[in-house]
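Novice: Handing you this structure, nothing more for now.
The values are calculated or read from the model by the stated rules, or taken from the named source; none is laboratory data. These numbers come from a predicted model, not from an experiment. In this analysis, Cβ positions are derived from the backbone assuming ideal geometry, glycine residues included, and neighbour counts consider all displayed protein chains.
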2 protein chains.
Amino acid sequence: MEPTPAYRTLDATAIRALIASLPTIAARLGGASAQWQVREVSDGNLNNVFLVGGPSGEVCFKQSLPHVRVDPSWKMPLDRTFFEAEWLRAIQPLTGGLTTEFLHYDPDLYVLIVESLSGHTVLRTALMQGAHWPGVAPRIGMFVAHATFGTSLLARPFEDVFTARRLFAANLALTRITLDLVLDDPYRDHPRNHWHDPALTPIVLDIRSSAATLLAVENLRRRFLSQPQALLHGDLHTGSIMSTADDTRVIDGEFAVYGPIGFDCGMFVGNLVLHYFATPDRAARQATLHDIAAFWHRFHDEFLALWISHDTPPPGTLHPLAYGPAADVARQRFMDEIMADTIGFAGVEIIRRIIGYAHTADFDTIAASHQRATCRAGALGFAYYVLEHLDQVRTMADFLRHLAEHDGTGLPGPG
Amino acid sequence: MEPTPAYRTLDATAIRALIASLPTIAARLGGASAQWQVREVSDGNLNNVFLVGGPSGEVCFKQSLPHVRVDPSWKMPLDRTFFEAEWLRAIQPLTGGLTTEFLHYDPDLYVLIVESLSGHTVLRTALMQGAHWPGVAPRIGMFVAHATFGTSLLARPFEDVFTARRLFAANLALTRITLDLVLDDPYRDHPRNHWHDPALTPIVLDIRSSAATLLAVENLRRRFLSQPQALLHGDLHTGSIMSTADDTRVIDGEFAVYGPIGFDCGMFVGNLVLHYFATPDRAARQATLHDIAAFWHRFHDEFLALWISHDTPPPGTLHPLAYGPAADVARQRFMDEIMADTIGFAGVEIIRRIIGYAHTADFDTIAASHQRATCRAGALGFAYYVLEHLDQVRTMADFLRHLAEHDGTGLPGPG
């Protein structure tokens with residue numbers, strides 16, 4: 001996608017001028033545009049992000065760049081804010097207050113303006129600072145249940161789903177990134193891969209020579225591209241979530257694509273596992289085990305509740321033909337499939353965050369380099385174990401038991 | 001889709017005028033346009049079809065109507081010839097001489113012009129006339145293998161596949177027909193269902209009260225809409241094939257959509273099974289068993305051969321990570337999935353052709369009504385058995401053994 005002739009990267013002055021031309025948003029900020037504070041908060045890898053504040057309020061301003069923000073040599077089409085805007089419009093009516101309010105999209109400048117969350121903290125940062133907010137994980141479970149159920153064939157006529165799939169199947173550049181960085185590069189020699197700790201190298205070599213693991217990754221790659229069950233967030237790590245103790249919002253939906261529901265679940269679970277291994281404190285680890293369980297159980301129960309409440313009258317194309325116990329069997333099979341995907345995608349997410357291109361900051365809280373290496377090796381070894389033994393790690397209880405056993409603390413899992 | 005202002009249903013005079021304005025096609029016919037013979041051969045349920053012949057050659061002219069041809073009260077968008085044209089353009093380079101040559105598409109008139117096959121017979125008609133051409137079934141196996149492999153993620157970068165999926169995901173009207181007529185209506189009371197023989201009613205009631213069967217149909221419906229493995233023909237019955245003893249062509253791709261590969265296989269196998277039950281002659285039945293086996297084995301072997309020959313260098317996004325015996329395991333799993341879909345979709349195709357909206361002519365060759373009823377009941381009972389016991393009918397050998405046992409002749413299957 002070539003930049004439109006009108007495209008230019010906006011600086012603070014241009015951002016003020018643009019917002020001044022949008023009466024509803026200008027009124028939200030209040031005062032004269034010359035007085036608005038424009039503060040850059042770009043944090044992710046891809047886009048320019050600014051908070052723009054006036055006397056009455058603040059908004060978040062996001063603009064695509066024609067390249068990866070942190071690597072200008074990596075060219076990229078501008079349309080990612082378009083997909084984020086469309087994602088927001090699709091899931092906001094389904095997920096209540098669990099995302100940010102959509103305010104404006106400019107198709108020439110690839111600018112998206114949404115509600116500001118300046119009182120919230122990025123969840124990864126909060127976790128690294130030792131915050132424990134037990135409400136967050138179940139809120140994400142609610143979010144995934146409503147966003148995925150409501151965009152699936154269970155809730156909507158297939159014509160609506162096919163039309164939405166068509167829109168998001170154009171999100172090629174970011175889907176290619178997921179495919180390469182999550183599901184391909186880490187499993188072979190590639191210049192984008194890197195890890196600092198030589199202690200990890202033997203595990204990497206083991207992973208790359210394990211046929212069972214490679215087959216599991218091949219299967220996940222196929223499922224990512226060929227199971228368009230629902231509209232995914234597509235990048236649901238703890239950096240895509242902003243929260244306080246009481247209010248949680250999912251942001252940054254630019255990777256949105258139709259795919260397997262367990263992909264979103266697995267990204268979130270995988271990032272909680274990274275936090276788990278980056279936090280050697282016994283009580284904190286126990287709390288993270290509970291977070292993972294709370295996320296899954298809330299997701300599972302809410303998804304099933306939505307499904308059952310939709311049975312009469314059947315609104316989606318996949319309304320049941322069989323009722324009673326047979327319908328329960330069909331639903332359980334579908335939930336088991338999501339569970340299997342969740343475990344698999346959690347595994348590849350953990351691996352790519354340790355040996356791939358885009359690492360996470362979780363382990364930076366550990367001062368001693370040998371301890372960092374040990375913790376990373378623990379996470380990597382766990383993910384390897386899970387992917388190599390997917391046929392034995394089939395339920396959330398299995399997953400948590402193995403996680404508790406893998407941490408070296410000897411703590412029992414939460415069952 | 002509203003008709004374009006230029007749209008009108010063309011009569012013989014208008015067809016001559018249109019073709020006269022297309023120099024390449026006019027030259028193919030030769031002579032003066034006033035002398036061209038225009039002969040209506042509309043046969044399917046949906047479109048007007050004419051053969052237009054001149055001194056040097058003949059072409060096939062197809063135009064969408066704003067309704068179902070055989071039921072003007074059933075309104076329908078005109079774009080089906082567009083999807084047929086796009087299907088032809090996509091699969092013709094992959095399938096050699098196994099379809100018709102694309103000649104022209106007119107987007108205002110929804111007119112598709114292709115190579116004429118006036119020397120060929122519709123396969124269903126040929127079968128009903130007792131022709132046995134052993135080359136046809138393996139040629140269809142070749143056709144399905146090349147058309148599906150070549151449009152899948154195994155052969156092409158995901159960007160190409162997503163772009164093609166987007167195009168065919170707009171084929172909503174005909175996908176809705178498949179969904180309703182094949183995968184929904186027959187399993188409940190619906191005014192479009194009908195069957196003449198009261199002897200069938202108890203089997204219909206049994207099917208509709210069998211939880212295992214209904215769950216199998218639900219699963220097939222989900223797979224039809226959610227497994228976009230490859231570009232399907234979408235309606236591969238024996239009326240969509242024209243043949244001589246030596247030359248076989250697949251036509252009528254207007255139902256084209258991305259879906260599970262076993263859907264096309266199952267449609268073809270299901271229609272051979274209908275012919276099997278409509279032909280009480282022992283030797284003819286044995287020949288049909290061999291046709292079904294020959295179709296499947298040629299499809300299976302050719303698909304695998306294409307896959308293996310594509311491994312180095314990997315051109316598709318689903319290139320393998322694991323090689324050697326592990327890759328064989330992955331390939332076998334994928335082929336088993338296609339086999340399971342083939343058996344399931346064959347089952348629903350048989351059922352809908354006997355108790356749904358669109359029956360086939362196969363059974364019309366049987367003069368005595370009680371014998372027609374017996375033969376239809378045999379086919380219906382077989383399909384019911386297969387769908388209710390999918391976990392026991394897992395290979396082509398299983399399928400053929402049960403088919404031979406179900407026919408009442410006591411013949412052994414071909415193994």
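Novice: So residue B:234 fits all but one of (1) buried (at least 24 other Cβ atoms within 10 Å of the Cβ); (2) away from chain A (no Cβ under 11 Å); (3) in a helix (DSSP H, G or I); what number is the exception?
Specialist: (3) is the only condition that residue B:234 fails.
Novice: Follow-up question, since we're still on this one. Going through the range A:291-324 one residue at a time, which ones are within 14 Å of chain B (Cβ to nearest Cβ) and of a type in the set (Asp, Glu)?
Specialist: Across the range A:291-324, the qualifying residue is only A:311.
Novice: While we're looking at this one, here's another question. On the basis of being within 26 Å of residue B:62 (Cβ to Cβ), under 12 Å from the mean Cα position of the chain (by Cα) and surrounded by fewer than 24 Cβ atoms within 10 Å (Cβ to Cβ), does residue B:253 make the cut?
Specialist: Criteria not met by residue B:253.
Novice: Tell me, yes or no, whether the range A:143-154 has at least one residue that is within 10 Å of chain B (Cβ to nearest Cβ), within 19 Å of residue A:235 (Cα to Cα) and under 19 Å from the mean Cα position of the chain (by Cα).
Specialist: yes
Novice: From the list B:188, B:249, B:223, which one is basic (Lys, Arg) and in contact with a His (Cβ under 7 Å, 6 or more places away or on another chain)?
Specialist: B:249
Novice: Answer yes or no: is there a residue in the range A:188-211 that is buried (at least 24 other Cβ atoms within 10 Å of the Cβ) and either more than 30 Å from residue A:50 (Cα to Cα) or more than 14 Å from every other protein chain (Cβ to nearest Cβ) (or both).
Specialist: So far as the range A:188-211 goes, no, none of its residues is buried (at least 24 other Cβ atoms within 10 Å of the Cβ) and either more than 30 Å from residue A:50 (Cα to Cα) or more than 14 Å from every other protein chain (Cβ to nearest Cβ) (or both).
Novice: Right, next: Would you pick out the residues in the range B:321-360 that are modelled with pLDDT under 95, under 16 Å from residue B:274 (Cα atoms) and among the aliphatic types (A, V, I, L, M)?
Specialist: B:358
Novice: Please find, among A:192, A:221, A:165, the residue that is touching a Phe, Trp or Tyr at 6+ places or on another chain (Cβ under 9 Å), of a type in the set (Lys, Arg) and in a helix (DSSP H, G or I).
Specialist: Going through A:192, A:221, A:165 in turn, just one is touching a Phe, Trp or Tyr at 6+ places or on another chain (Cβ under 9 Å), of a type in the set (Lys, Arg) and in a helix (DSSP H, G or I): A:165.
Novice: Would you say residue B:360 is over 30 Å from residue A:210 (Cβ atoms), within 21 Å of the chain's Cα centre (by Cα), away from chain A (no Cβ under 14 Å) and in a loop (DSSP other than H, G, I, E, B)?
Specialist: yes
Novice: Give me the pairs: first residue in the range A:309-320 and under 11 Å from residue B:184 (Cβ atoms), second residue modelled with pLDDT of 70 or more, beta-carbon distance under 6 Å, and six or more apart or on different chains, which are they?
Specialist: Sorted first by the residue in the range A:309-320, then by its partner, the pairs are A:317/A:153; A:317/A:157; A:317/A:158; A:318/A:153; A:318/A:154; A:318/B:222.
Novice: Tell me, which residue of the range A:173-187 that is touching a helix residue (DSSP H, G or I) at 6+ places or on another chain (Cβ under 9 Å), under 30 Å from residue A:90 (Cα atoms) and in contact (Cβ under 8 Å) with a residue 60 or more places away in the chain is nearest to the other protein chains (Cβ to nearest Cβ)?
Specialist: A:175
Novice: Hey, among B:248, B:288, which residue is more than 14 Å from every other protein chain (Cβ to nearest Cβ), free of Cβ contacts under 8 Å to residues at least 24 places away in the same chain and buried (at least 19 other Cβ atoms within 10 Å of the Cβ)?
Specialist: That would be B:288, the only listed residue that is more than 14 Å from every other protein chain (Cβ to nearest Cβ), free of Cβ contacts under 8 Å to residues at least 24 places away in the same chain and buried (at least 19 other Cβ atoms within 10 Å of the Cβ).
Novice: Within the range B:71-94, take every residue that is among the polar types (S, T, N, Q) and surrounded by fewer than 20 Cβ atoms within 10 Å (Cβ to Cβ) and give me the one that is modelled with the highest pLDDT.
Specialist: Of everything passing the filter in the range B:71-94, B:92 is modelled with the highest pLDDT.
Novice: Also: Restricting to the range A:138-162, what's the tally of residues that are closer than 14 Å to residue A:272 by Cα and not in a helix (DSSP H, G or I)?
Specialist: Of the residues in that region, 0 qualify.
Novice: Something else now. Go through A:140, A:113, A:91 for me and flag whichever is more than 30 Å from residue A:316 (Cα to Cα), touching a residue at least 40 places away in the same chain (Cβ under 8 Å) and in contact with a helix residue (DSSP H, G or I) (Cβ under 7 Å, 6 or more places away or on another chain).
Specialist: The conditions single out A:113.
Novice: Continuing with the same structure: I need the full set of residues from the range A:101-137 which are within 15 Å of the chain's Cα centre (by Cα) and not in a strand (DSSP E or B), in order please.
Specialist: Those that are within 15 Å of the chain's Cα centre (by Cα) and not in a strand (DSSP E or B): A:123, A:124, A:136, A:137.
Novice: Could I ask something else about it? Taking the residues in the range A:134-181 that are small (Gly, Ala, Ser) and within 14 Å of residue A:302 (Cβ to Cβ) as candidates, determine which candidate is surrounded by the most Cβ atoms within 10 Å (Cβ to Cβ).
Specialist: My answer is A:147.
For every residue, the table says whether it meets (1) farther than 23 Å from residue A:18 by Cα; (2) in contact with a Leu (Cβ under 7 Å, 6 or more places away or on another chain); (3) among the polar types (S, T, N, Q).
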position: A:50; (1), (2), (3): no, no, no
position: A:55; (1), (2), (3): no, no, no
position: A:68; (1), (2), (3): yes, yes, no
position: A:73; (1), (2), (3): yes, no, yes
position: A:76; (1), (2), (3): yes, no, no
position: A:80; (1), (2), (3): no, yes, no
position: A:90; (1), (2), (3): yes, yes, no
position: A:94; (1), (2), (3): yes, no, no
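Novice: Name the residue, out of B:264, B:291, B:301, that is within 27 Å of residue B:131 (Cα to Cα) and touching a strand residue (DSSP E or B) at 6+ places or on another chain (Cβ under 6 Å).
Specialist: Exactly one of B:264, B:291, B:301 is within 27 Å of residue B:131 (Cα to Cα) and touching a strand residue (DSSP E or B) at 6+ places or on another chain (Cβ under 6 Å), namely B:264.
Novice: Collect the residues in the range A:25-53 that are in contact with a Lys or Arg (Cβ under 9 Å, 6 or more places away or on another chain), of a type outside the set (Gly, Ala, Ser) and in a strand (DSSP E or B), keeping them in residue-number order.
Specialist: A:38, A:48, A:49, A:50, A:51, A:52
Novice: Return a yes/no flag: does the range B:256-272 have any residue that is assigned to a helix (DSSP H, G or I) and among the charged types (D, E, K, R).
Specialist: Yes: the range B:256-272 contains one or more residues that are assigned to a helix (DSSP H, G or I) and among the charged types (D, E, K, R).
Novice: Something else about it: Yes or no: residue A:199 among the small types (Gly, Ala, Ser) and outside any helix (DSSP H, G or I)?
Specialist: Here the answer is no, as residue A:199 does not meet what is asked.
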